[in-house]
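*Asks:* I'd like to ask some things about the structure below.
The values are calculated or read from the model by the stated rules, or taken from the named source; none is laboratory data. All figures in this text were calculated on a predicted structure; none of them were measured in a lab. Here Cβ is always computed from backbone atoms with ideal geometry, including for glycine, and neighbour counts include all displayed protein chains. In case anyone asks, the SASA skips ligands and DNA or RNA and just uses the protein heavy atoms, side chains included. Shrake-Rupley method; radii C 1.70, N 1.55, O 1.52, S 1.80 Å.
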Amino acid sequence: CFSQNAKAQYLPDQIHREKDHFVNESGAILSDKELIDAVGSDIFHETIVGARKQYTTGQKLFVSGLAGIGVGIVGIVGGSAIIGAAGPHQTANQQQVTFDDEDLALTGAAVLTIGTIATVLGGTALTVGIPFKAVGQSRLNWVENNYNERQGYTLRLGATPHGAGLTLNF
């Protein structure tokens, strides 16, 4: 006897990932409900939700890290230039450096210190952000690939308990 099993809702033939969200074949962003319908509640809640958090956290740390390194390099170069402009010179016995303008030298030292701290913090954020983003991206890619591999139409002829059978999967 024949049986019929079909879902009433429309599911996209293919989905594609753009950053931390998914789009259908026409380019429309899929809502969370549409994603749950497409990939299932388990995959959505166990994979997509966490992967999105990892990806966006990694992206924010990555951008912040690059900005911190940029600000830090400017601070290091600027602080060094300010210290140079303060007129450093060594005393006769070559054991102590003095400056013509002590206030300018202190300002340069402060800028140099802030630049160094910004560079270290930026490098740390970048170092932590890259793996977060990569893992989140990998998990989101897995969801995309897993869904797209399951889509399509297949027609199979094979053995059944009562002889031969024809199966159409869509």
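*Asks:* Provide a single number: the residues in the range 47-92 that are under 24 Å from residue 144 (Cα atoms) and either acidic (Asp, Glu) or in contact (Cβ under 8 Å) with a residue 24 or more places away in the chain (or both).
*Replies:* Selection size over the range 47-92: 14.
*Asks:* If you don't mind, another one. Out of the residues in the range 113-150 meeting the condition of being over 21 Å from the mean Cα position of the chain (by Cα) and among the charged types (D, E, K, R), tell me which one is nearest to residue 82 (Cα to Cα).
*Replies:* 149
*Asks:* Consider the range 14-31. How many of its residues are on the phi > 0 side of the Ramachandran plot and either not in a loop (DSSP other than H, G, I, E, B) or not charged (D, E, K, R) (or both)?
*Replies:* 1
*Asks:* Working carefully through the options 122, 158, 163, find the one that is open to solvent by less than 50 Å² (accessible area, probe 1.4 Å) and at pLDDT 95 or above.
*Replies:* 122
*Asks:* For the range 88-102, check the following and say yes or no: at least one residue is open to solvent by 70 Å² or more (accessible area, probe 1.4 Å) and within 42 Å of the chain's Cα centre (by Cα).
*Replies:* no
*Asks:* Given (1) acidic (Asp, Glu); (2) part of a loop (DSSP other than H, G, I, E, B); (3) surrounded by 14 or more Cβ atoms within 10 Å (Cβ to Cβ), identify the lone condition not met by residue 34.
*Replies:* (2) is the only condition that residue 34 fails.
*Asks:* I need the full set of residues from the range 93-127 which are touching a residue at least 60 places away in the same chain (Cβ under 8 Å) and in contact with a Phe, Trp or Tyr (Cβ under 9 Å, 6 or more places away or on another chain), in order please.
*Replies:* Across the range 93-127, the qualifying residues are 125, 126.
*Asks:* Here's a follow-up. Can you find a residue in the range 85-96 that is of a type in the set (A, V, I, L, M, F, W, C), more than 17 Å from residue 17 (Cα to Cα) and out of contact with any Ser or Thr (no Cβ under 9 Å at 6 or more places or on another chain)?
*Replies:* There is at least one residue in the range 85-96 that is of a type in the set (A, V, I, L, M, F, W, C), more than 17 Å from residue 17 (Cα to Cα) and out of contact with any Ser or Thr (no Cβ under 9 Å at 6 or more places or on another chain).
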